[in-house]
Amino acid sequence: MAKKMWAGRFEKATDKAVNDYNSSLPFDCKMYAQDIEGSVAHSAMLARQGIISQEDADAIREGLLSIKADIESGKLTFDSDAEDIHMFIEEELTSRIGDAGKRLHTGRSRNDQVALDQRLYLVDEAIEVTDLLDELIDTIVDIAKEHLTTYMPGYTHLQRAQPITYAHYLTAYIEMFLRDRDRIEAAAQRANISPLGSGALAGTTYPLDRESVAEALGMSDVTHCSLDGVADRDFAIEFASAISILMMHLSRMSEEIILYASQEFKFYELDDAYSTGSSMMPQKKNPDVAELTRGKTGRVYGDLISLLVIMKGLPLTYNKDMQEVQESMFDVIETIKGVLPPFTGMIKTMTIRKDKMEAAALGGFTNATDLADYLVRKGIPFRSTHEISGKLVHYCIENNTTLEKLSLDEFKKFSDLIEEDVYDAISLETCVNKRTITGAPAPETVKKYLESL
Ligand code: ARG
């Protein structure tokens with residue numbers, strides 16, 4: 001085992017089991033690019049401030065970039081007993097450029113270094129996640145535009161309630177995903193602040209120019225308390241919670257895809273390329289992508305809860321427990337990046353059964369409210385019209401028919417104010433098209449909304 005950089009005050013080498021237990025290299029190696037980026041910015045500033053020579057800073061920069069290139073070409077691998085990615089890179093740097101490498105860590109601690117790396121990593125990944133989310137939103141918007149007049153039942157309690165359109169239904173998810181996008185961006189913005197210069201916990205006596213390092217790294221500010229700079233991971237928790245809410249939305253949509261693709265609903269037919277079969281039952285076509293999305297939602301919630309629980313009892317400032325934050329944070333990122341592409345593909349390729357949706361909208365007395373409203377317009381108070389409409393529904397159920405199929409004579413048995421114009425008033429088209437206020441399902445309203453995006 002290589003000698004530890006902190007071995008000065010120790011008489012014994014680290015136990016092999018402790019070394020393995022302690023090591024974060026197997027997972028924090030993901031942040032090699034951010035670690036190098038931070039070190040390049042830090043060393044350049046050290047030279048600007050006259051803390052190290054420009055020659056040393058140049059050598060450090062060259063060395064770090066060659067390490068990055070070698071990692072990316074596969075020439076340099078992480079099979080090392082280094083304690084973490086920070087030690088790994090610094091050891092490698094020193095073996096390549098000698099003493100100049102040992103000057104890199106001046107005025108810095110791994111405590112502020114790891115906080116920086118995690119923030120930079122999260123900001124980079126957030127961009128990838130929002131790009132993937134944008135593809136999903138664009139896909140849904142395109143589909144919605146084609147279904148402005150595809151009627152379907154809207155549900156409450158999973159009982160048919162009132163007629164809407166499929167485009168209107170989809171705008172619900174567009175709204176949710178747009179808010180998710182905002183939340184992810186806001187979390188990334190709050191993470192994009194440099195803790196470098198916090199040192200181990202109490203800052204440093206070197207005249208560091210923290211602001212210029214933040215600027216070089218594209219960060220919007222520096223942290224304003226060194227203790228907080230090394231001790232908090234709320235940025236990771238905030239990101240995980242934004243992703244958890246996104247997963248909740250994806251999971252609800254998944255649940256509906258599973259239902260709507262069932263033989264009982266038949267609103268959707270999933271594309272063969274996005275469904276799976278059964279090893280035993282030849283007829284099966286299963287919505288695995290939607291089910292896995294629903295399942296992975298639980299996994300991301302687990303990560304969020306892990307993060308909250310890891311952090312909740314820690315005294316200020318740094319504690320090694322915080323190393324555990326990384327794996328949960330990485331898992332959130334990997335999971336959402338794995339979820340979104342197949343989910344979008346499934347949505348893009350599934351067949352929307354307009355006929356089945358419309359038949360369902362016609363079938364469930366979803367126009368009963370509009371019948372009551374029709375009678376309100378004839379001067380009857382709503383509470384009474386609600387009852388009349390309810391009695392008519394009951395009559396239809398008894399006689400195995402629907403409201404729009406009743407004759408005028410039948411209608412008149414319930415209220416002699418009902419006239420020929422009732423048929424127009426309770427048609428599916430009228431029920432939907434008259435709902436023109438902002439947020440309502442009328443095709444012109446939904447079209448305007450979709451165009452505004
Ligand atoms: N691998 C460590 C982590 O992720 C880096 C910081 C180590 N700091 C320390 N004081 N031991 O937390």
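Across the stretch 315-433, Cα-Cα distances exceeding 17 Å account for 68% of all pairs.
Tell me which chymotrypsin sites (Phe, Trp or Tyr not before Pro) from the stretch 204-268 have a DSSP coil assignment and no more than 16 other beta carbons within 10 Å of their own. Don't skip to the end; give the middle numbers.
Working: sites: 235, 239, 260, 265, 267, 268; in loops: 265, 267.
Answer in residue order: 265.
Across every pair of non-identical alpha carbons in the stretch 1-85, the mean reciprocal distance, once inverted, gives a Kirkwood radius of 14.7 Å. Helix 368-377 and the long axis of the chain differ in direction by around 60°, with both axes built from C-alpha atoms. Over all directions, the average projected area of the alpha-carbon convex hull for the chain comes to how many nm²? That works out to 29.9 nm². How about residue 102: which aspartates and glutamates have a C-alpha closer than 15 Å to its C-alpha, ignoring those fewer than 8 places off in the same chain? Cα-Cα hits under 15 Å: 55, 56, 58, 62, 90, 91, 92.
Hey, what's the chain come to in accessible area per residue, 1.4 Å probe, Å²?
Using a 1.4 Å probe on heavy atoms only, each residue of the chain averages 48 Å².
Take the solvent-accessible surface of the protein heavy atoms, probe 1.4 Å, and return the percent of it on the stretch 245-365 that carbon and sulfur atoms account for. Walk me through the numbers before you get to the answer.
Numbers: 3230 of 5900 Å².
Here it works out to 55 percent.
When the convex hull of the C-alpha atoms of the stretch 172-254 is computed, what volume per residue in Å³ does it have? Please list the in-between numbers first.
Details: hull volume 7.2 nm³, N = 83.
Taking only Cα atoms, the stretch 172-254 has a hull volume of 87 Å³ per residue.
Expressed as a whole percent, the proportion of Cα-Cα pairs in the stretch 77-184 lying more than 23 Å apart is 58%.
Dimensions of the stretch 75-115 along the principal axes, based on C-alpha atoms and rounded to the nearest Å, stand at 30, 23, 14, largest first.
Based on the inverse mean of 1/r over its pairs of different Cα atoms, what is the Kirkwood hydrodynamic radius of the stretch 367-428, in Å? Walk me through the numbers on the way to the answer.
Values: mean 1/r = 0.0885 Å⁻¹.
It works out to 11.3 Å.
For the stretch 125-189, build the convex hull from the C-alpha positions and give me its volume per residue in Å³.
Numbers: hull volume 5.3 nm³, N = 65.
It comes to 82 Å³ per residue, whole-number rounded.
Distances between every pair of Cα atoms in the stretch 232-319, grouped in 10 Å steps from 0 to the bin holding the largest one, split as 16, 33, 22, 16, 9, 3 percent.
Each of residue 281 and residue 391 was given a label point 7 Å from its Cα along the Cα-to-Cβ line. The distance between the two points is 4.6 nm. Cross-linked pairs 75/296; 30/266; 4/30; 296/356: Cα-Cα separations exceed 32 Å for 75/296; 30/266. With both labels modelled 7 Å from their Cα along Cα-to-Cβ, the residue 134 to residue 17 distance reads 5.1 nm.
Quote the FRET efficiency, to the nearest 0.05, computed for residue 175 versus residue 146 with a Förster distance R0 of 25 Å and r equal to the Cβ-Cβ distance. Result of the calculation: an efficiency of 0.85. Based on every Cα atom in the stretch 17-151, Rg and the maximum pairwise Cα distance Dmax equal 20.6, 73 Å. Could you please report the charge total around residue 19, scoring K, R as +1 and D, E as -1 over all other residues with beta-carbon less than 10 angstrom from its beta-carbon? Overall, the nearby charge balance is -2.
The values are calculated or read from the model by the stated rules, or taken from the named source; none is laboratory data. All values derive from a computational prediction rather than experimental measurement. Counting neighbours? That spans all protein chains shown, and the Cβs are built from the backbone with ideal geometry, glycine included. Quick note on the areas: whole protein, heavy atoms, side chains included, nothing else; ligands and nucleic acids left out. Shrake-Rupley method; radii C 1.70, N 1.55, O 1.52, S 1.80 Å.
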